[in-house]
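Working notes for the structure below.
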Amino acid sequence: MARIRYLRFKSKGIVPTFCEQIFQVMGQNTNPEKTFQVKVSMLEIYKEKVQDLLIPLSQRPQGGLKVREDKMYGVYVDNLSKHPVDSYEQIQQIMDDGNSNRSIAATQMNASSSRFAIA
């Protein structure tokens, strides 16, 4: 059984497998007092500016977003949008939307090399 899981994990990748398992565990919850909420954010660091990839370019702040630190929450990006999701399919759609908003050069040279993160 472990080998089958390994092969499935290996062929899908860590993000899809991890996300699907999160929703599986949530679906197995039988305690009505226990609730879960999953939110997705996606950012890019391009030319030393932090950008929210889930916000249209025309609506983003000119100077980018600010990275902050809080004693209770740790490091976070101020005003980074958070989108609630109920399935991995919704996460995939959000990632597709964010990928289409990434900064790439006209030559497509940076199509896969700009720094971006999904949280």
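Here are some notes:
- Long-range HN-HN contacts of LEU53 with modeled amide H, under 5 Å: MET42, LEU43, GLU44
- Residue exposure sequence - GLU44, GLU33, GLU20 - by fewest surrounding Cβ within 10 Å: GLU33, GLU20, GLU44
- 5 angstrom amide H check on LEU80, placed H, neighbours 5+ away: none
Since every read-out is calculated from the coordinates, none of them should be taken as a lab result. As the structure is a prediction and not an experimental result, all values here were calculated from the model. Don't worry about glycine lacking a Cβ; one is built from the backbone with ideal geometry, like all the others, and counts go over all protein chains shown.
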